Amino acid sequence: MKNTSTYALFALSLTMAIGQATAQNTSLSEGDITRKVDSLLGLMTLAEKVGQMNQYNGFWDVTGPVPAEGDAAGKYEHLRTGKVGSMLNVQGTAEVRKVQKIAVEESRLGIPLIIGFDVIHGYKTISPIPLAEAASWDMEAIRKSAGVAAAEAAASGINWTFAPMVDISRDPRWGRIMEGAGEDPYLGSKIAFARVKGFQGDDLAATHTVAACAKHFAAYGFSEAGRDYNTVDVGTSTLYNVIFPPFKATLDAGIKTFMNAFNELNGVPATGNAFLQRDILKGQWGFNGFVVSDWGSVNEMIAHGFAADGKQAAMLAANAGSDMDMESYHYVNHLESLVKEGKVEASLIDDAVRRILRVKYELGLMDDPYRYCDPEREKTVIGSTEHQELVLDMARKSIVLLKNEGDLLPLAKSGLDIALIGPLAADKDSPLGSWRLAADAGTAVSVLEGLQGYEGNAITHAAGPGLVLGEPSFIMETKINTTDRSGFEAAVAAAKNKDVVIMVLGEHGFQSGEGRSRTSLGLPGLQQELLEAVYAVNKKVVLVLMNGRPLTINWADEHIPAIVEAWHLGSQSGNAIAQVLYGDYNPSGKLPMTFPKDVGQIPLYYNHKNTGRPTQPAPDLVFWTHYIDQSNDPLYEFGYGLSYAKFRYSDLELSSAAVGAGGTVTVSCLLSNNGAYEGTEVVQLYIRDLVASRTRPVKELKGFQSIRLKPGESRRVSFTIAPSDLEFYSANNVWEAEPGEFEVFLGGSSSTELKGAFVYGK
Ligand code: NOJ
């Protein structure tokens, strides 16, 4: 045992131990790191190696069921004996320093911990939920937003975020839809790349960056019936063409870690899945970072019926390529004996430990374990004005204008008598969403406060009946209020004779997120009734939606003249919404996910297959793919979103009608702003591969550009289609572009019909 009590002595002994000169530089070369990792590995006992593969929670159990062993496992003691390589849910420089000090100064080799945390969309300063950010289609803003989260987390002692979640999902019933980029692999890949760059920056050892973690590998977003943690069964085409691409994009961005998943995939739990982790990720994709399990997912292989006990679970997970065990205790309890019994190769342990140590070196932790523990930096960085401004900008860009009949919006800034109604109108907590572990409750700017920032109009606020019963919390189930009608009549009375009524309705912040799947997607509780009652006395209603997932709002779409999708927008929510309502910001968001008309249509997504009996324009045949009680169409399609500007598309042109293999085609169209406001339009490019060795979707997003036009301005917008845009995972089990005819579409949403066609490779 090393019994030194000062870091200076530790540093000296570790430096001597690994046979290197003291290294003060933080950006070590690949070669340097490999040499240092190898020498350190040579000094480690098997138990110490296994220790690096063990991750413990920071003693407050908020992100999963408390493991049976609980604190009885003696976590502090395990830090001393080198049995812990990482901790999660420790936050703040003082707390991090405390655990780091034990690992560094009291364990034999003094290897620092890597501290992980769910920094999903902000640390203390909260950005919009990731699904909302995806609606911006603005990669630079998304990168910066992740940069804010990283800077605040790093200033608080954290080295590693469990984000981005890059799971594609087609199911709004799934509560975690809010945590990803929606349904599309192309948009999802661009966003995955931007978020990794935002978290990790250019220098992982810099004190404002953290290591990122792509999760959940793989297919977690395809849980059956949208029920969280449920079984997943998907075919090869969906796996390769839809689920894998955003994960692959995180590798291209240089991601350092992956997290596996709770779900099984075609009969094999992701945590024990060698095909996913060894063959694809570490094999074909050449990933050299490490894979952490999800919370207790090694243990959950027992409930899956894949492992008989903890020991077998540890064996299966380690052999399959899970390098670190989050909170199952099975690695620390069983891996040593499994190696001794020859059930897990010692070389696999070495491989896992090398991967983990490498990231610790890259983070600069081996150089200075306390580099992220500066209380002065913590005070100045967290919550800075610059961060507030960046998340405000992200929030404005995330808003989607769904309807604006008669140009009800934007509102005049003076002379109006406005009623502000709804349980979320003054809510300072819901906009923070459910993934805001470090944020202070009730710190978002409410819509009421945002509107009060404009002084020219009179505002009467009436909450109406509450949305949930009792105090919702991260752990507690939110109980939807369907009984307590207090405030109902007062809200309706307040709406009478007003110039405009703004209603803020939707989901409470804890109604979406992990473990929060829903079977109905209407406005929860008494809100639909309230909306109809208010509309009965005043037709001039602006509905502001706050929600973590697509909702089925057919009635509102039919009756309410203006609808603004404002998601859960984070700390600056109310300011962003007010700026949009008053026209100081012209909305340009586009939906990253289809809004269905009915839950029965789910999964409903734009890039579906044509089928052998495709959708018909007139529903006069029984034997084609349809419902007898609902259309096949969504309420709002993927890519949809309005502006105060009025955009028109015309004159699609192609550079050629045929191009040889390896050639490119340019497609363009004229975009005009025929409205009275300057605005930004996200112009979208879709293709369709008409005949292929595996059937292809009716449309696939392949490009987008944000174009800003003044009133009356027109501009030709062009895209170059490269062979890589035509590729898919073909019947040859490779990514390739097959020769044949392609349709190409340009427009402001996935339902655009402005199209051309060209032949490729013939
Ligand atoms: C479980 C979640 O699935 C995962 O995304 C998260 O990072 C861990 N809990 C840790 O909190």
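Descriptive notes on the structure:
- Some residue of the range 151-160 being open to solvent by less than 10 Å² (accessible area, probe 1.4 Å), more than 26 Å from Gly442 (Cβ to Cβ), at pLDDT 95 or above and within 13 Å of the chain's Cα centre (by Cα): no
- Scope the range 319-328; condition open to solvent by less than 10 Å² (accessible area, probe 1.4 Å) and more than 23 Å from Gly58 (Cα to Cα); matching residues: Ala320, Gly321
- Scanning the range 395-410 for residues that are of a type in the set (A, V, I, L, M) and farther than 30 Å from Val148 by Cα, we see that the one that is nearest to the chain's Cα centre (by Cα) is Leu409.
- Of all residues assigned to the range 313-324, none qualifies as being without any contact (Cβ under 8 Å) to a residue 24 or more places away in the chain and either polar (S, T, N, Q) or more than 16 Å from the ligand (Cβ to nearest atom) (or both).
- Output for the range 192-208, where each listed residue is touching a residue at least 60 places away in the same chain (Cβ under 8 Å) and away from the ligand (no atom under 16 Å from the Cβ): Phe193, Asp203, Leu204, Ala205, Ala206, Thr207, His208
- Every pair of residues 6+ apart whose Cβ atoms lie under 9 Å, when the first sits in the range 281-300 and is in a strand (DSSP E or B) while the second is more than 13 Å from the ligand (Cβ to nearest atom) and open to solvent by 40 Å² or more (accessible area, probe 1.4 Å): Phe290/Lys256; Phe290/Arg354; Phe290/Arg358
- Tyr229 being open to solvent by 30 Å² or more (accessible area, probe 1.4 Å) and within 16 Å of the ligand (Cβ to nearest atom): yes
- Output for the range 496-553, where each listed residue is open to solvent by 10 Å² or more (accessible area, probe 1.4 Å), in contact with a strand residue (DSSP E or B) (Cβ under 6 Å, 6 or more places away or on another chain) and more than 19 Å from Trp567 (Cα to Cα): Lys498, Asp499, Tyr535, Asn538, Lys540
- Single residue of the range 738-762 satisfying the filter (free of Cβ contacts under 8 Å to residues at least 60 places away in the same chain and outside any strand (DSSP E or B)) that is nearest to the chain's Cα centre (by Cα): Glu753
- Out of Glu558, Glu514, one residue alone is over 23 Å from Ser749 (Cα atoms) and of a type in the set (Asp, Glu). It is Glu514.
- Only residues that are at negative phi and in a loop (DSSP other than H, G, I, E, B) were counted across the range 412-460, and they come to 28.
- Scope the range 115-140; condition away from the ligand (no atom under 16 Å from the Cβ) and open to solvent by less than 10 Å² (accessible area, probe 1.4 Å); matching residues: Thr125, Ile126, Ser127, Pro128, Ala132, Glu133, Ala134, Ala135, Ser136, Trp137
- Note on the range 235-256: residues that are open to solvent by 20 Å² or more (accessible area, probe 1.4 Å) and within 26 Å of Thr519 (Cβ to Cβ) amount to 2.
Each row is one residue, and each column tells you yes or no for (1) assigned to a loop (DSSP other than H, G, I, E, B); (2) among the acidic types (Asp, Glu); (3) open to solvent by 10 Å² or more (accessible area, probe 1.4 Å).
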{"site": "Ile177", "(1), (2), (3)": "no, no, no"}
{"site": "Ser189", "(1), (2), (3)": "no, no, yes"}
{"site": "Arg195", "(1), (2), (3)": "no, no, yes"}
{"site": "Thr207", "(1), (2), (3)": "yes, no, yes"}
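- Search result, residues across the range 209-227 that are part of a loop (DSSP other than H, G, I, E, B) and of a type in the set (Ser, Thr, Tyr): Thr209, Ser223
- In the range 257-310, the residue that is surrounded by the fewest Cβ atoms within 10 Å (Cβ to Cβ) out of those that are within 16 Å of the ligand (Cβ to nearest atom) and β-branched (Val, Ile, Thr) is Thr257.
- Residue match in the range 356-363 (condition: among the basic types (Lys, Arg) and touching a strand residue (DSSP E or B) at 6+ places or on another chain (Cβ under 9 Å)): yes
- Test: residue in the range 329-337 that is under 30 Å from Ile126 (Cα atoms), of a type in the set (Val, Ile, Thr), crowded, with 23+ Cβ neighbours inside 10 Å and more than 16 Å from the ligand (Cβ to nearest atom): no
- When every residue of the range 210-223 is checked against the conditions, none turns out to be in the same structural domain as Leu357 (by TED's automatic domain parsing), more than 16 Å from the ligand (Cβ to nearest atom) and either under 25 Å from Leu569 (Cα atoms) or surrounded by fewer than 21 Cβ atoms within 10 Å (Cβ to Cβ) (or both).
- Qualifying residue in the range 425-433 (condition: in contact (Cβ under 8 Å) with a residue 60 or more places away in the chain, farther than 24 Å from Ala149 by Cα and either open to solvent by less than 30 Å² (accessible area, probe 1.4 Å) or of a type in the set (S, T, N, Q) (or both)): yes
- Qualifying positions in the range 166-176 - touching a helix residue (DSSP H, G or I) at 6+ places or on another chain (Cβ under 6 Å) and within 15 Å of the ligand (Cβ to nearest atom): Val166, Asp167, Ser169, Trp174
- Condition check for Gly422 on (1) of a type outside the set (S, T, N, Q); (2) surrounded by fewer than 21 Cβ atoms within 10 Å (Cβ to Cβ); (3) more than 18 Å from Ser127 (Cβ to Cβ): one failure, at (2).
The values are calculated or read from the model by the stated rules, or taken from the named source; none is laboratory data. Please read all numbers here as calculations on a predicted model, not as lab measurements. Cβ: placed from backbone, ideal geometry, glycine included. Neighbour counts: every protein chain shown. SASA here: full protein model, heavy atoms, side chains in, ligands and nucleic acids out. Shrake-Rupley method; radii C 1.70, N 1.55, O 1.52, S 1.80 Å.
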